[in-house]
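Each remark here refers to the structure printed beneath this line.
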Amino acid sequence: MKYKLKINNCTCEMGYQLGMCIHDYLKNKNVDKYCISITLYNKEVYRYMSDACIIDNGRWLDRKKNSCLYFGMSTLELFEKNEGNEKNLVQKYGLNHSDYTFTPGSIPIVLENDQVIGACTVSGMKPEEDHQSILDGYALFMSRE
């Protein structure tokens, strides 16, 4: 996995704190439209949608998260691997396009042994900004640990 968030002995509280770090990072950058989801152990432990978000942004969160968890890799890696061809979702993998996407913005959360235990997902900005905000928020989270 090229992109992954490594958190040892990860708890739901830690997932919540990661979500708060990403929120603080984006708020301090004066970003108006963003939403965040942290899923751990098949539970959504954090979800935030700014006032500028609409219901569709929540659907993008879910589609990105589903892809990240299904494939066990970031959606940026999936996008690159498939050269952005969303038709592969149906033709190659047999997945429903309304439930999955290769659009960047979700990164797996892993333990020391690289076991995927969840996903960190951001939506609402440009896909590459969604992806980068996760990495920057994760760096902030790790500096506080």
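Note down the relative contact order for the chain as a percent, whole number, built from C-alpha pairs under 8 angstrom at least six residues apart.
32 percent
Sort the chain into rounded, prolate or oblate with this rule: let a ≥ b ≥ c be the square roots of the eigenvalues of the Cα gyration tensor; rounded if a/c is under 1.5, and if a/c is not under 1.5, prolate when a/b is larger than b/c, oblate otherwise.
Details: a/c = 1.74, a/b = 1.23, b/c = 1.42.
Because a/c hits 1.5 or more and a/b fails to exceed b/c, the chain counts as oblate.
Under 5 Å between amide hydrogens, which residues at least 5 positions from residue 5 or on another chain qualify, with H placed 1.01 Å from N in the peptide plane?
Here the answer is 109, 110, since their amide H atoms fall under 5 Å of that of residue 5.
Select from region 44-145 those trypsin sites (Lys or Arg not before Pro) which occupy a DSSP coil region and have at most 14 other Cβ atoms within 10 Å, ordered by residue number.
92
Looking at the square roots a ≥ b ≥ c of the eigenvalues of the Cα gyration tensor of region 40-126, which shape do they give, rounded for a/c under 1.5, prolate if a/b is larger than b/c, or oblate?
Judged from the Cα gyration tensor, region 40-126 comes out oblate (a/c at least 1.5, b/c at or above a/b).
Could you tell me how far the Cα centroid of region 1-57 sits from the Cα centroid of region 60-128, in Å?
15 Å
Given only helices, namely DSSP H runs of n ≥ 4 each adding -39500 (n - 2.57), what is the per-residue ellipticity at 222 nm of the chain, to the nearest 500 deg cm²/dmol?
Roughly -14000 deg cm²/dmol at 222 nm, from the helical runs in the chain.
What is the percent carbon and sulfur in the accessible area of the chain, measuring with a 1.4 Å probe over the protein chains and ignoring ligands?
Answer for the chain: carbon and sulfur cover 48 percent of the accessible area.
Might you tell me the accessible area per residue for region 8-107, computed with a 1.4 Å probe and given in Å²?
Using a 1.4 Å probe on heavy atoms only, each residue of region 8-107 averages 52 Å².
Does region 29-79 come out rounded, prolate or oblate, given a ≥ b ≥ c as the square roots of the eigenvalues of its C-alpha gyration tensor, rounded meaning a/c under 1.5 and, failing that, prolate meaning a/b above b/c?
prolate
The values are calculated or read from the model by the stated rules, or taken from the named source; none is laboratory data. Here the structure is a predicted model, which is why all the values come from computation and not from measurement. Cβ: placed from backbone, ideal geometry, glycine included. Neighbour counts: every protein chain shown. Accessible surface areas use protein heavy atoms only, side chains included; no ligands, DNA or RNA. Shrake-Rupley method; radii C 1.70, N 1.55, O 1.52, S 1.80 Å.
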